[in-house]
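One structure is given below, encoded as structure tokens.
The values are calculated or read from the model by the stated rules, or taken from the named source; none is laboratory data. In this text, all values refer to a predicted model and were calculated from it rather than measured experimentally. No Cβ is skipped: glycine too gets one built from the backbone with ideal geometry, and neighbour counts run over all protein chains shown. Quick note on the areas: whole protein, heavy atoms, side chains included, nothing else; ligands and nucleic acids left out. Shrake-Rupley method; radii C 1.70, N 1.55, O 1.52, S 1.80 Å.
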Amino acid sequence: MKVDYVKYHALGNDYIVIDPNKTRLNLTMENIQLICHRNFGIGSDGILYGPILDGGCIKLRILNPDGSEAEKSGNGIRIFSSYLFDQGYINTSSFTLDTLGGEVLVTILDRKGELIRVDMGTVTFLSESIPVAGLSCQVIDEVLDLEKGSFRITCLSIGNPHCVLPMDIISEELAKQWGPVIENHPMFPNRINVQFLKVLDRNNIRIEIWERGAGYTLASGSSSCAAASAAYKLGLVDNQVKVHMPGGVIDIDINTDGHVHMTGTVSSVASGTFSDGMWQRLE
Ligand SMILES: N[C@H](CCC[C@H](N)C(=O)O)C(=O)O
């Protein structure tokens, strides 16, 4: 049977893998939105398009459900690595992937390709690198004044941009109320991913996530890296942190060289083909 796509999830953050070596699809904004739509399409938190084999490099493109392209996705990288393993594209347990947000080093830790560790690179708090508009500064424990509320924020990039808000009480409702306001705030020229952070102890944090271009999600790998890195920068946690999310737990460890390592699971869901009618709607 011809396979047009393969669906996976990582702690409930689900992605559809479309392989250009097997499926010819115009990656237009409309097609991405249709495929990701939970009623009119397959439904997912995004599309992973690859492997784009360029010389010795394996490139991956990461598309959000709104059609925007992300520089990096932690869960997406783990899922894509599991796909490469499942499809026999790789014959080693460690390999590098090229994303818009830089190169990452992947290590498959188990025989089924379902437990994966990624060196996600280093983070920067520098405003112009995130980006955050205004005078050049390290965006650490700053005040964000909104029309109906004021928050303390720490912003960073790990390839994609993140705004972390340490709070005593966090909830799905809080993320859904303030996430979109902060995501689209004019101080973030490229928009931003938002994490509401509750520190449980020096080795455990909990986050609620509002993703740029995707909305509320049950888990996020880059958000886990960002929230743990912000908490570590603020002196609230040690360098090994379990990040608890509605979909599950990701292990983060921040090396002395500043590299952030993320370890988490991946689950395959299904593979499938688009109907003739769907192909007609996909321009
Ligand atoms: N929406 C994110 C990309 C996906 C991040 C998340 N799913 C992860 O696992 O890191 C962005 O626009 O930067």
note = Helix 74-86 sits off the longest principal axis of the Cα atoms of the chain, rounded to the nearest 10 on a 0 to 90 degree scale, by 30
task = Kindly provide the helix-only [θ] at 222 nm of the chain, computed as the sum of -39,500 (n - 2.57) over DSSP H runs of four or more divided by all residues, to the nearest 500 deg cm²/dmol?
result = -5500 deg cm²/dmol
remark   = With 0.36 nm assigned to each residue of separation and the Cα-Cα distance removed, Met167 to Asp276 gains 34.3 nm
key: Lys, Arg +1 and Asp, Glu -1 on Cβ, resulting dipole of the stretch 138-199 about Cα centre, debye, nearest 20   = 120
key: Alpha-carbon centroids, the stretch 175-237 and the stretch 82-127: separation in whole Å   = 22
request  = Using Cα pairs closer than 8 Å and at least 6 residues apart in sequence, work out the relative contact order for the stretch 122-263, in percent.
outcome  = 20
message = Let me check against my output: what whole-number percent is the relative contact order of the chain, with C-alpha pairs under 8 Å and at least 6 apart?
response = 20
Angle in degrees between helix 221-233 and the longest Cα principal axis of the chain, rounded to the nearest 10 = 20
ask   = With the chain treated as a Gaussian network of Cα nodes joined by springs under 10 Å, which of Asp19, Asp168, Asp119 yields the largest mean-square fluctuation?
value = Asp168
inquiry  = I want to check a number: in the chain, how many lysine pairs have alpha carbons closer than 20 Å, given a sequence separation of 8 or more or different chains?
reply    = 12
note = With x for Gly and Pro, the residue-by-residue ³J(HN,Hα) of the stretch 106-112, computed from phi through the Karplus equation 6.51 cos²θ - 1.76 cosθ + 1.60 at θ = phi - 60° and given in whole Hz, is 10, 10, 8, 9, 10, 6, 9
message = With +1 on the Cβ of every Lys and Arg and -1 on the Cβ of every Asp and Glu, and nothing else charged, how large is the dipole of the chain about its Cα centre, in debye rounded to the nearest 20?
response = 460
task = Tabulate in residue order the Karplus-calculated ³J(HN,Hα) for the stretch 176-188, using 6.51 cos²θ - 1.76 cosθ + 1.60 with θ = phi - 60°, rounded to whole Hz; enter x for Gly and Pro.
result = 6, 7, 9, x, x, 5, 6, 3, 9, 5, x, 6, 10
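What accessible area per residue, rounded to a whole number of Å², is obtained for the stretch 122-263 using a probe radius of 1.4 Å? Mind dumping the intermediate values first?
On the way: 5830 Å² over 142 residues.
Here the per-residue accessible area is 41 Å².
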task = Calculate the dipole size of the stretch 1-76 relative to its Cα centre from +1 charges on Lys and Arg beta carbons and -1 charges on Asp and Glu beta carbons; express the result in debye to the nearest 20.
result = 240
task = Report the label-to-label distance for Arg38 and Cys137 in nanometres (one decimal), using points 7 Å from each Cα along the Cα→Cβ vector.
result = 3.8
note = When the charge dipole of the stretch 95-182 is computed with +1 on Lys and Arg Cβ and -1 on Asp and Glu Cβ about the Cα centre, the Cα farthest towards its positive end, among Ser136, Leu146, Ser171, belongs to Ser171
request  = Compare the Cα positions of Val260, Ala226, Leu27 along the charge dipole of the chain (+1 at Cβ of Lys, Arg; -1 at Cβ of Asp, Glu; about the Cα centre) and return the one farthest towards the positive end.
outcome  = Leu27
query = Ignoring ligands, DNA and RNA, what percent of the 1.4 Å accessible area of the chain is carbon and sulfur?
reply = 50
ask   = Per 10 Å bin from zero, what fraction in whole % of the C-alpha pairs of the stretch 122-263 is there, up to the bin with the longest pair?
value = 13, 49, 33, 4
task = Arrange the residues Met29, Met167 by how much accessible surface each exposes, largest first, with a 1.4 angstrom probe.
result = Met29, Met167
